[in-house]
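Trainee: If you scroll down you'll find the structure; I have some questions about it.
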Amino acid sequence: MKLYEGEIGKSYIVQEVMIEERMTRRLEALGVNEHTKVTVLNKKKSGTLIINVRGTRLALGQKIADGIEIRESSWQEHTRQKYNRGGAGHEGR
């Protein structure tokens, strides 16, 4: 499913980002990576999609949102991401 097809208020997991390389790198810098949880907050009539990723709100145009493949997030994934925010190099804290 494409990110733009997501429902407002639901969370999803990014499976793949299939857009121009330069934009892919920019999205990665903003935290939109494969296996990252995103929540659809709003859809504007203009085609703009508002999402929450890693505690930050981002506005994406429809063309970009259509290039992001997602799947529904399970309860276990929500819990795992909540408690594993440290990532590599944060063991033992």
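Readers should treat all values here as calculations from the given coordinates under stated rules, not as data from a laboratory. Since this is a predicted model, take the numbers as computed values, not measurements. No Cβ is skipped: glycine too gets one built from the backbone with ideal geometry, and neighbour counts run over all protein chains shown.
Trainee: So between MET1 and LEU41, what do we pick up on full extension, going 0.36 nm a residue minus the alpha carbon distance?
Mentor: Once the chain is fully extended between MET1 and LEU41, it gains 12.7 nm.
Trainee: Something else: Work out how much length GLU20 to ILE50 would gain on full extension: take 0.36 nm times their residue separation and subtract the Cα-Cα distance, in nm to one decimal.
Mentor: 8.8 nm
Trainee: Now for a different question. Given a Förster radius of 22 Å and the C-beta distance between ILE8 and ARG57 as r, what FRET efficiency does 1/(1 + (r/R0)^6) yield to the nearest 0.05?
Mentor: Here the calculated transfer efficiency is 0.95.
Trainee: Can you tally the net charge around GLY47? Count Lys and Arg as +1, Asp and Glu as -1, for every other residue whose Cβ sits under 15 Å from the Cβ of GLY47.
Mentor: Neighbourhood net charge equals +3.
Trainee: Where a Cα-Cα gap under 20 Å defines reach, which aspartates and glutamates qualify for LYS37, not counting those fewer than 8 residues away within the same chain?
Mentor: Output for LYS37: GLU5, GLU7, GLU16, GLU28, ASP66, GLU69, GLU72, GLU77.
Trainee: Considering only the other residues whose Cβ falls under 9 Å of the Cβ of GLN15, what net charge follows from Lys and Arg at +1 and Asp and Glu at -1?
Mentor: Spelling it out: positives minus negatives among the neighbours equals -2.
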